[in-house]
Each structure stands twice: as C-alpha cells, then as structure tokens.
1. Which pairs, out of Lys17/Lys119; Lys17/Lys242; Lys119/Lys339; Lys97/Lys119; Lys283/Lys310; Lys97/Lys206, put more than 28 Å between their alpha-carbon atoms?
2. Between Asp2 and Leu346, what is 0.36 nm times their sequence separation minus the Cα-Cα distance? Round to one decimal in nm.
3. From the helices alone, meaning DSSP H stretches of at least four residues, give me the mean residue ellipticity at 222 nm for the chain, per-run term -39500 (n - 2.57), in deg cm²/dmol to the nearest 500.
4. Starting from the Cα of Asn164, step 7 Å along the direction of its Cβ; do the same at Lys48; then give the gap between the two resulting points in nm.
5. Out of the stretch 13-107, which trypsin sites (Lys or Arg not before Pro) are coil in DSSP terms and have no more than 14 other C-beta atoms within 10 Å?
6. Using the charge dipole of the stretch 282-359 (Lys, Arg: +1 at Cβ; Asp, Glu: -1 at Cβ; taken about the Cα centre), state which of Ile305, Gly284, Gly321 has its Cα farthest towards the positive end.
7. Looking at the chain as a GNM with Cα springs under 10 Å, which of Ala302, Ala73, Ala273 has the largest mean-square fluctuation?
8. What would the Debye equation give as log₁₀ I(q)/I(0) for the stretch 16-90 at q = 0.20, 0.21, 0.22, 0.26 Å⁻¹, counting only Cα atoms as equal point scatterers?
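FYI, it's all coordinate maths here, none of it is from the lab. None of the values given here were measured: they were computed from a predicted structure. Don't worry about glycine lacking a Cβ; one is built from the backbone with ideal geometry, like all the others, and counts go over all protein chains shown.
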Amino acid sequence: MDYALIGCGRIAVNHIKAALNNHLNICAVCDVKPEAMETLLAKYGLEKNENIRRYTDYHELLKAERSVLASIATESGLHAEIALACIRAGVNVIIEKPMAMSMADADEIVRQSAKTGVKVSACHQNRFNIAVQELRQAVESGRFGRISHGSVHVRWNRNRDYYNQASWRGTWAQDGGCLMNQCIHGIDLLRWMMGDEVEEVYGVTKQQFHSYLECEDIGMAVVKFRNGAVGTIEGTTNVYPKNLEETLYLFGENGTVKLGGSSTNNIDVWDFADEGAADSERKGLQEVTSNVYGNGHTSLFADMIEAIEKDRPPYVDAVAGRNALEMILAIYQSSAAGKPVKLPLLNAASTDYSGQFGR
C-alpha cells in the first residue's frame, strides 16, 4: 500500500516507524524544510532511497502521488486544512492529535469523511496500549457495573528548551497549551471509557511557569456525563524536574482500576468483585515503552490499513478526534467564562482565547 507522510518534525519518527513496521511502501514525504525530510529519512537509512519523492508543498504531493494512505504530522494548526485536502483527493488519512483546532473544522472532517467514504483516523494511539485494551474489555463486558467516577492525571514537564525547538508551540493558533498538546490522549481515554456522552464541563486553566507562551500550562476540570458518572481532569507541564505520570482511574460498583506509568501503559490496580484466574495476569502488567508516545502508532496504522482493505470504520475514527477536541475547547471556554459549559459545543476554536494570559 502506497503511503505518504506530511510533516517531518518531532512526532514524525513514530509515523515512519509505524509505516515500516506495517510494510507500507513509503512513496513520498513532505515538509516545508527540506533538511527535516532528510534528517528523518536518515534515521532509518532511507536518505538515499530515490523512490521516496520529496515535496515542500503538500498540494503538489497530493496532485502528483497516488498514495492510498497519508498521515499528517505537522504543527497542529495545519492538521484540518491538510486533512480536508487529503479527503478531497480521495486519500485515506491518519491525523495526529489534535485533529483540528476548531469545532467547525473538526465537524467538517467528520462530515466529509462520512460523505466521501474516505477513511479518517485520529491518532489517539494510546487506545492500543495493552493496559488500555484490557480496561476497555472490562468496561464493554460490564464488569464495573454502574460507573461512579473516573479521573485522568497527566503530570509532565516541558521546559523552555522544548518550546524553543519550534516557534508554533504554545500558540493559540497552531498548538494550544498543555491540555491540547500533552494531555489530549488522557482526556480522550477518560471520555471513551466513561460513555462518551458529556452533559457539562467546568474547567479552570492557568499559566503558572511558562510566561513566554500564549497558552495554559495547567488545566483542571470536572465533567458530568449523561450516564450520571463524574470525571475529573488534571493536566500540566509544570512537574519538576521531569515527566512524572499519566494515570487513569475508573471506579464502579463492582470494580476499581488504575492505569499508570508514563503514558497509561501499566496496570497499577485491578480489582473486581467477580475476579477470576485471568485477572491475576493483569495485576501489575507493564508495557515497556521507549518514550511517552508509547507503542500504539504501529497498531493504529495496522488497524487503518485493515479498515481500508476491508472497507470498515477505523477503530479510532474522526468522531473520536472530534470528541477529544470538544472536551478541551469546553474546558477553555468554561475557564474563560468562569462557569460550566453545556455540550455539545458547536462554535469554539482555540483562537477564541488569544490574549487570555497577556500574550
């Protein structure tokens, strides 16, 4: 299957690795910086491969190539326009998080994917973590009984050196703050596990230690789900001196689970009223990862390939990407207004909050 990568920055390494692991034919790469393409390809010994065409304009790539699948790993503010261009060109697409920076763009991606039949997958790769899959199976089989509440904590560190690597980081138009960039995976998992349908969000965001950015470095929220459950969110890049944890808790009348590790890759607590022999294997499960991005890109790519070949929806579809974005924009809106926000959120964009922290 012919594959093209658009955007060759920090996260693109995971995309190329996933493409190679799934034996895709990498036919083209694209970045506005030619040196970024060569640096990325060189990491995998592909810099001399003349069959991989290089483009500095994604429009030219889509016009010249006949790739079946593309993935987008540019700055976040460009995700939606590139995705819509891919859909118009009939190219199935994997979109790095966040899928878009506004509800209008996210909803348009969902609409166009449904209208054209072009497959769109939001790159929430942590859904494929072994621990997350075990938890999801327990939720779907009803082992928790009625869900009481759940919480996600993303306690990471991002210093000035990280933001200096790219001028778009920490801006409202191209990135968002810690919730939009670093914490979106945990927020996606919380919403997914707790029934997806959200009634109301009350959030608070602050900029405590990153005054050189436009956006927040800590966000907290309380979420009311339509099934009666309550969720809490804590996301920050203010943890000293390095990343601490990404944890997800789920509490039900018949079960308690805590996923931990750097990116919800471990099972720290696994207790159920109907405990069986198989549960002992889940207790203490640890999935080794080389970084906080985890191992899920390869599985997400594999699922997308199968979705294309079998003409079925991808496991993590455009609606999933839309829903994660909606949660974050609702927190931003609630914090700015100082009151709870009802969902669905129809008109909201990250740029609505420009100047909120004085920049």
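1. In this structure, Lys119/Lys339; Lys283/Lys310 lie more than 28 Å apart at Cα.
2. Result for the pair: 120.2 nm of gain on full extension.
3. -9500 deg cm²/dmol
4. It is 3.6 nm.
5. Lys43, Lys48, Arg66
6. Most positive-ward Cα: Gly284.
7. Ala273
8. Relative scattering, expressed as log10 I(q)/I(0), comes to -0.93, -1.03, -1.13, -1.49.
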